[in-house]
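Each remark here refers to the structure printed beneath this line.
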């Protein structure tokens with residue numbers, strides 16, 4: 001179900017204050033004939049008046065003039081529930097130097113909907129993940145911690161730095177270490193990102209609910 005937030009509601013929300021910072025990725029779609037779509041990074045915003053984005057100008061046809069064009073912006077916020085947001089706005093200014101940027105008016109309304117059905121609970125649970133054996137000849141156990149969890153999935157943070165930039169659509173097994181008897185559940189990595197400390201963090205969708213003892217211990 002989609003809900004609508006006003007500009008004031010969005011700017012004063014906990015999700016916006018905690019998650020929307022410079023560098024956050026936005027999916028931008030131009031309402032031109034070809035519906036051009038590309039990713040951009042938030043540079044900043046000013047008092048709910050405008051937003052500034054950096055982008056790779058080589059992704060756009062040379063014939064496209066951004067200024068005055070209507071755009072659809074989409075972005076995601078992770079958290080206990082997680083949500084996808086979308087809004088419509090207009091490009092007001094563009095700059096080519098020192099890097100390609102564009103300005104849009106801050107939207108009056110923003111649509112949003114949850115991306116998962118069950119609310120996740122915050123935790124700090126030691127765990128391990130490993131690639132399922134039929135998908136890998138060698139499947140070492142990767143140490144880490146679960147930062148949030150629900151019946152449908154969890155977020156796992158690697159304990160050690162890794163050179164991998166992104167990981168997704170990978171069938172894995174999650175091993176819960178803190179139980180009297182270690183237990184596991186199969187899952188699929190759906191997305192990945194870096195924490196503020198630079199550690200790799202992956203969002204995992206469970207293929208079946210974890211044992212009741214796991215959720216009961218939180």
So, in the range 54-70, exactly how many residues are buried (at least 16 other Cβ atoms within 10 Å of the Cβ) and within 18 Å of residue 108 (Cα to Cα)? 1
State whether one or more residues within the range 47-57 are out of contact with any helix residue (DSSP H, G or I) (no Cβ under 9 Å at 6 or more places or on another chain), within 23 Å of residue 82 (Cα to Cα) and at pLDDT below 85. no
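The values are calculated or read from the model by the stated rules, or taken from the named source; none is laboratory data. For clarity, every value in this text was computed on a predicted model and none was experimentally measured. No Cβ is skipped: glycine too gets one built from the backbone with ideal geometry, and neighbour counts run over all protein chains shown.
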